[in-house]
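Novice: Handing you a structure now.
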Amino acid sequence: METKRFDKNEVIFRRADLAMTMYEIESGAVGIYAWYGTETETHIATFGPGDVFGEVELIESCPRAADAVALEDGTEVREISREEFADCFQDQPEKVLAIMRQVSRRVRETTRSYLEACRAVCEKVETEERGEKDSWLSEHLSIFYKIGRLLKK
C-alpha cells in the first residue's frame, strides 16, 4: 500500500478512469465531484481521515463514476490495489467490515436523498394541480432537472 500526497485542488482521479485502486484518507480531505472544473461542477460528497473512496468501482471493475479532488494541501491517501484489498479479507477482516459499514452508510444516505427528491416532486405536482406556486420547490426541482440533464450526456 503506497501513500500519495496531494495539494489542494489536485485531481486524484477523473470520471471514466479505469479503477485499479481504492483509497483510504490518512490526512486532509477529499471532495467527490461530478464534472469537476467545469461550469456544471457539482459537489457530491466530502471525506476525511479514515474514510475510503473509490471502492465501489474497484469492487465492480468499472470506470470511475465521478472525480476525486484533494480539498486541502498535504492531503495524504493510502492507495489500495485490488490484490491488497482481496488480501484484507483474510489478513484484516475488521478493515473489510469497516469499509462495508461506510458503503452501507452511503447507500442509506443516498436512499434518503432519493426519497426526499421523490417527496419534492410529489409536492410540486400537487401544488401545481391546486394552481399554487411554491418557489422553494421550483428552485430545487430546477436543480434536480439540471443534474438529470447532465447525467444524460
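The values are calculated or read from the model by the stated rules, or taken from the named source; none is laboratory data. In this text, all values refer to a predicted model and were calculated from it rather than measured experimentally. Positions of Cβ are generated from backbone atoms using ideal geometry, with glycine treated the same way; all protein chains shown enter the neighbour counts.
Novice: Just to verify a result, which residue in region 45-54, among those that are touching a residue at least 24 places away in the same chain (Cβ under 8 Å) and more than 16 Å from residue 15 (Cβ to Cβ), is surrounded by the most Cβ atoms within 10 Å (Cβ to Cβ)?
Specialist: If we take residues in region 45-54 being touching a residue at least 24 places away in the same chain (Cβ under 8 Å) and more than 16 Å from residue 15 (Cβ to Cβ), then 52 is surrounded by the most Cβ atoms within 10 Å (Cβ to Cβ).
Novice: Report whether or not residue 11 is closer than 19 Å to residue 84 by Cβ and aliphatic (A, V, I, L, M).
Specialist: Numbers: closer than 19 Å to residue 84 by Cβ: no; aliphatic (A, V, I, L, M): yes.
When the stated conditions are applied, residue 11 does not pass them.
Novice: Looking at region 19-47, which of its residues are over 30 Å from residue 145 (Cβ atoms) and touching a strand residue (DSSP E or B) at 6+ places or on another chain (Cβ under 6 Å)? If you could, list the steps in order and put the result at the bottom.
Specialist: So the first thing to find is which residues in region 19-47 are over 30 Å from residue 145 (Cβ atoms), and the list is 20-28.
Within region 19-47, 21, 22, 23, 24, 25, 26, 27, 28 meet the criteria.
Novice: Just the residues that are among the polar types (S, T, N, Q) and either touching a residue at least 24 places away in the same chain (Cβ under 8 Å) or in the same structural domain as residue 22 (by TED's automatic domain parsing) (or both), please, taken from region 93-132.
Specialist: Pass one, region 93-132, residues among the polar types (S, T, N, Q): 102, 104, 110-111, 113, 127.
Once the filter is applied, which keeps residues that are among the polar types (S, T, N, Q) and either touching a residue at least 24 places away in the same chain (Cβ under 8 Å) or in the same structural domain as residue 22 (by TED's automatic domain parsing) (or both), region 93-132 yields only 102.
Novice: What's the number of the condition residue 131 fails, among (1) within 29 Å of residue 22 (Cα to Cα); (2) over 22 Å from the mean Cα position of the chain (by Cα)?
Specialist: Going through the list (1) within 29 Å of residue 22 (Cα to Cα); (2) over 22 Å from the mean Cα position of the chain (by Cα), residue 131 breaks only (1).
Novice: Can you tell me which residue in region 123-137 is surrounded by the fewest Cβ atoms within 10 Å (Cβ to Cβ), limited to those that are modelled with pLDDT of 75 or more and either in a helix (DSSP H, G or I) or touching a Pro at 6+ places or on another chain (Cβ under 7 Å) (or both)? Can you show your working first?
Specialist: Of region 123-137, the ones modelled with pLDDT of 75 or more are 123-131.
Then keep just the ones that are either in a helix (DSSP H, G or I) or touching a Pro at 6+ places or on another chain (Cβ under 7 Å) (or both); that gives 123-129.
On the way: 123: 15, 124: 17, 125: 12, 126: 12, 127: 14, 128: 13, 129: 8.
Among them, the one singled out is 129.
Novice: If you don't mind, there's one more thing I want to ask. Using the structure shown, decide if residue 89 is among the aromatic types (Phe, Trp, Tyr), outside any strand (DSSP E or B), touching a residue at least 60 places away in the same chain (Cβ under 8 Å) and out of contact with any Cys (no Cβ under 9 Å at 6 or more places or on another chain).
Specialist: Working: among the aromatic types (Phe, Trp, Tyr): yes; outside any strand (DSSP E or B): yes; touching a residue at least 60 places away in the same chain (Cβ under 8 Å): no; out of contact with any Cys (no Cβ under 9 Å at 6 or more places or on another chain): yes.
Taking the combined requirement at face value, the residue does not satisfy it.
Novice: In region 59-75, how many are surrounded by 17 or more Cβ atoms within 10 Å (Cβ to Cβ) and not in a loop (DSSP other than H, G, I, E, B)?
Specialist: 5
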